[in-house]
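Taking it in order: structure first as structure tokens, then the write-up.
Read-outs throughout are calculated quantities, based only on the coordinates presented, and are distinct from any laboratory measurement. Please read these numbers as outputs of a predicted model, since none were measured by experiment. All Cβ positions, even for glycine, are placed from backbone atoms using ideal geometry, and neighbour counts span all protein chains on display.
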Amino acid sequence: MTRPLDLTRRSALTAAAGIGVSVTFLGRQAFAEVGGSLAKRKLVVIVCRGAMDGLSVSPPVGDSNYHALRGEIAIAGFDQPGGALKLDDTFGLHPKLATVHALAMKGQARIAPAVATPDRARSHFEAQDVLESGSSVVYGASSGWLNRAMEAMGPRKIEAISVGAQAPLILRGKIQAASWSPGGYKDRDSRLPAILADLYAHDPLLGPALATGLDTEAMAKLATASEATITPASMVTPAPVAGQAPVDSMAMMQPQATEPAGRAYAQAGRAGAQAARTLGTTLAGFMMQPNGPQVAAISIDGFDTHANQGAAEGQLANRLAYLDAVVDGLSSGLGPEWRNTVVVAATEFGRTAHINGTKGTDHGTASTALVLGGGLKSGGIIGDWPTLQQARLFENRDTAPTLDMRGLFKGVLAEQMGVSRRALDTTVFPDSANVAPATAIIA
Amino acid sequence: MSIDPGFEASIAVTRFGLGARPGEIDAARGDAKGYLKAQIRDSGADQPQGQFETGAAHFVQVREYQIDKRQAKMAGEDPVKAAVRQIRESAQPEFLARAQLAAQTDASFRERWTLFWCNHFTVASKNLNTAVLVGPFEREAIRPHVFGRFEDLLAASTMHPGMLLYLDQAQSIGPNSPIMQMRGPGFPGRPKAGGLNENLAREILELHTLGVGSGYTQADVTEFARALTGWSIQGPETARFGGRFASAGAPGEFTFREAFHEPGARHILGKSYNQEGVAQAGAVLHDISASPATAHHLATKIARHFVADDPPPALVARLERAYLQSGGRLDQVADALIEAPEAWAPQQTKFKTPYEFLISSYRAVGAAPQDFTRFGPVLTGLGQQPFNAPSPKGWAEDAEAWAAPDAIVKRMSWSESFSQVAAPVVGQPIQIAQNSLGAQLSPPVALAISRAESRPEALSILLMSPEFQRR
């Protein structure tokens with residue numbers, strides 16, 4: 001009965017190897033010739049999963065309580081080695097966020113240092129659900145707010161794209177999501193796609209997925225043609241992640257060794273950053289196409305730093321280097337279109353203000369969101385800074401939220417993409433009329 | 001509910017099991033429920049075949065490597081890298097053996113049930129230490145207990161070095177513990193860091209037992225974390241913790257470090273725990289295992305995995321009842337699942353995960369993966385990196401997460417490659433289709449297979465058919 005068979009040694013299974021960065025499109029409507037300047041506007045949302053530590057992203061080194069609370073994981077002051085990159089008298093940026101800092105110096109990056117979703121359970125999975133669904137309660141919506149925002153833009157017919165190993169909730173919904181990753185479909189003479197399209201004709205899950213997947217494949221050829229360095233091989237980084245052979249670049253975005261093997265660790269970090277930058281330029285390549293997507297979402301995992309978080313170097317620093325590299329790839333890849341683009345990076349919640357017993361931080365409340373783009377209005381921080389005085393900490397442990405995450409997203413959607421207040425209050429962020437959009441973000 | 005006996009046999013093998021191997025649907029025909037129940041047994045799951053080291057041995061290996069690292073580095077960079085690679089690669093044969101078990105077992109309901117619990121108690125390769133412990137964790141903590149009491153499974157998971165490291169418990173120290181009272185510069189055996197880490201405590205309540213939204217508070221999490229202090233792993237450098245801070249246990253195995261334990265009573269979910277030592281958190285695990293919230297949470301997850309992403313409430317209630325009435329016996333819950341009419345609805349609503357899709361493809365042609373360096377990267381490419389779930393919540397369960405357009409194209413691409421190799425040596429495609437899907441094979445797919453231009457094309461159509469992609 002059993003006939004063991006070495007099916008894999010002989011042939012072309014490498015087709016699917018070394019992939020894992022996937023790019024997901026929304027919709028395949030024609031790019032509309034309406035909407036004037038709005039037709040060129042682009043929006044990218046980066047979801048930083050695992051609860052990114054706002055106090056390291058934009059360390060408030062000028063806050064008198066910061067260094068005492070943070071101990072050895074605090075980022076050093078402005079003028080010290082490995083110190084924060086200065087934004088104003090209170091805030092800096094993590095030293096690995098050099099691209100973000102350079103943008104900030106040109107008025108193209110701002111921070112919202114105390115932003116939180118309405119969820120307070122400190123559960124990653126519940127909070128990510130709220131962050132992406134746009135609901136005020138957990139499991140309140142099964143689609144994502146970015147997808148519903150597309151719906152609200154209705155007649156303008158706009159396309160969107162997302163990057164990540166799986167279809168993220170933020171872009172799920174009525175508008176079909178598609179995806180792409182390097183090393184895609186090889187055998188272009190095959191009859192199989194057509195046969196399957198026929199068999200899937202009445203399949204509500206597989207039919208639209210296959211159609212969009214094949215379209216995206218075709219677009220990917222164009223998107224990557226202009227960037228000679230983007231090949232499946234360049235997405236494969238032989239970094240020591242899990243004990244498996246070829247590790248794809250998304251794997252590089254998963255938690256790294258807390259056991260830094262010296263140079264090897266730094267090399268893994270650099271390889272990961274290179275892969276992340278390539279991801280940014282690839283996405284920019286898609287968005288630059290005539291029928292390319294205007295809206296995109298990216299996931300970066302691995303921000304759950306309960307132990308050995310590190311400071312200027314280390315576990316969290318590597319993740320932030322990846323974030324910075326994605327931004328670098330996007331902003332340089334978009335070239336002249338960068339001025340029409342806004343990027344928002346946000347996380348499900350922040351981390352405890354105090355260092356914990358294992359040189360890390362536990363689940364907290366408010367964190368930092370980054371808003372970047374060539375067309376930002378200049379200004380200081382978005383929202384208020386509650387300070388880190390003990391009495392001001394939320395439940396005596398976390399940065400207190402001063403800005404509702406939905407308000408930040410609403411402000412961006414309104415000013416960048418022209419979504420109406422009515423849609424924002426009702427369908428995009430249900431029952432949120434009491435949450436005012438942040439204003440004066442985009443020129 | 002009356003069910004077409006043909007469907008019943010197909011469902012038993014494809015929905016409860018991992019997909020039909022040749023002849024299996026025939027074997028299940030007539031008494032599908034009996035066929036499944038025969039797979040429930042006290043001794044738990046099957047073990048992957050091969051000579052594998054224990055988790056303790058792996059742990060000791062990594063710790064000794066870490067201790068020796070500086071010395072090794074003085075001899076040059078390469079020995080260090082080589083050691084890291086060797087340690088990491090030791091997980092590969094283990095993963096392959098697990099996939100081979102899934103591809104070849106005649107008791108694939110037993111294996112699906114086991115994989116469910118492996119995912120429920122996720123340990124993933126977040127660093128060198130955990131990368132080598134995922135396999136041992138499944139073998140040592142999960143497999144022996146999958147048809148026993150949930151409480152025993154929970155305890156085995158919570159005490160295993162894999163879990164203690166993955167969720168940062170091993171170094172969590174009570175702020176008022178003996179070692180913190182004594183610590184000072186130069187004190188022998190003084191831990192470098194001292195303090196509480198609440199990660200494991202939170203995930204036990206949120207993911208392993210009660211479930212989020214069941215009513216526990218931040219204060220419960222913190223108190224439970226205090227109760228868990230001292231739950232740790234015996235290091236090979238035990239000698240450094242000699243004297244009054246010594247604790248029992250062989251290197252690499254669970255140890256309770258009295259010296260790390262936060263003294264005093266704890267108050268968790270409205271109850272006082274006055275126990276001393278390891279018994280304190282043990283009593284908490286016992287109580288939360290018996291909680292109706294845990295029964296509901298587990299019943300919902302089981303129903304979601306086996307039957308539908310949005311499971312019928314009647315089924316959840318049935319499983320919940322079986323759990324509570326049996327004192328949390330998982331064999332009884334498995335039995336209730338098999339008996340539940342909702343589990344036998346002919347509509348296929350579950351979309352296979354990448355692992356399930358690949359394994360069922362091998363099963364369909366009566367083969368098994370033979371080479372990790374080929375099999376592993378394919379899984380990674382499809383979004384399910386071996387032994388490396390993205391978070392403590394484990395792999396996604398819902399169709400929407402896995403049926404992204406990119407994933408469908410990748411599955412199609414893999415199916416063509418697989419079929420080109422397999423089709424010439426595995427027999428008539430229509431026969432394989434009938435063997436692997438039974439009554440679930442639809443007329444349009446059967447027609448498309450019969451009209452295919454080549455055997456590889458026919459086999460690809462089968463693997464990519466709507467009914468083969470689902471279960």
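Taking 7 Å steps out from each Cα toward its Cβ at B:H267 and A:V137 produces label points 2.9 nm apart. Checked against a 28 Å cut-off, the cross-linked pairs B:K350/B:K393; A:K174/B:K33; A:K174/B:K301; A:K174/B:K410; A:K377/A:K410 give Cα-Cα distances beyond that limit for A:K174/B:K33.
Normalised by the number of residues in the stretch A:104-145, the mean separation of alpha-carbon contacts (under 8 Å, six or more apart) gives a relative contact order of 26 percent. 3J(HN,Hα) couplings calculated from phi for the stretch B:159-166 with the Karplus curve 6.51 cos²θ - 1.76 cosθ + 1.60 (θ = phi - 60°) are, in sequence order, 8, 7, x, x, 6, 4, 7, 4 Hz; Gly and Pro show x.
From the Cα gyration tensor of the stretch A:73-149, with a ≥ b ≥ c the square roots of its eigenvalues, which class applies: rounded if a/c is under 1.5, or else prolate if a/b is larger than b/c, or else oblate? Prolate, since a/c reaches 1.5 and a/b exceeds b/c. Between A:K42 and A:T341, A:V342, the built amide H atoms are under 5 Å apart, and every one of these is 5 or more places off in sequence or on another chain.
The length gained by stretching the chain between A:R421 and A:T439 to full extension, at 0.36 nm per residue less their Cα-Cα distance, is 5.3 nm.
Cross-link reach is defined here as a Cα-Cα straight distance under 15 Å, omitting same-chain residues fewer than 8 places apart; for A:K359 the aspartates and glutamates meeting it are A:D53, A:E72, A:E259, A:D304, A:E313, B:D168, B:E198.
For chain B, the longest principal axis of the alpha carbon atoms and the long axis of helix B:455-464 meet at an angle near 50°. Only aspartates and glutamates eight or more places from B:K352 in sequence, or on another chain, were considered; those with a Cα closer than 17 Å are A:D203, B:E111, B:D309, B:D310, B:E397, B:D398, B:E400, B:D406, B:E467.
Relative to the longest principal axis of the Cα atoms of chain B, helix B:218-228 runs at roughly 70 degrees. Classify the stretch B:10-69: rounded, prolate or oblate, from the alpha-carbon gyration tensor (a ≥ b ≥ c, eigenvalue square roots; a/c under 1.5 rounded; otherwise prolate if a/b is larger than b/c)? Prolate, since a/c reaches 1.5 and a/b exceeds b/c.
Among the GluC sites (Glu not before Pro) in the stretch B:272-347, those located in a DSSP loop and surrounded by at most 12 other Cβ atoms within 10 Å of their own Cβ are B:E276.
Dipole size of the stretch B:109-170 about its Cα centre, with +1 on Lys/Arg Cβ and -1 on Asp/Glu Cβ: approximately 180 debye, rounded to the nearest 20. Axis angle, to the nearest 10 degrees, between helix B:91-104 and the longest C-alpha principal axis of chain B: 40 degrees. The modelled label-to-label distance between A:R191 and A:H67, using points 7 Å beyond Cα along the C-beta direction, is 7.5 nm.
Charge tally around A:R392: other residues with Cβ under 13 Å, Lys/Arg +1 each, Asp/Glu -1 each, net -3. Decide, for the stretch A:51-91, between rounded, prolate and oblate: order the square roots of the alpha carbon gyration tensor eigenvalues as a ≥ b ≥ c, take rounded if a/c falls under 1.5, and otherwise choose prolate if a/b is larger than b/c, else oblate. Rounded is the answer for the stretch A:51-91, as its axis ratio a/c remains below 1.5. When only C-alpha pairs under 8 Å and at least 6 residues apart count, what is the relative contact order of chain B, in percent? Relative CO of chain B lands at 20 percent.
Our note on the geometry: Cα centres of the stretch B:270-333 and the stretch B:388-434, 33 Å apart.
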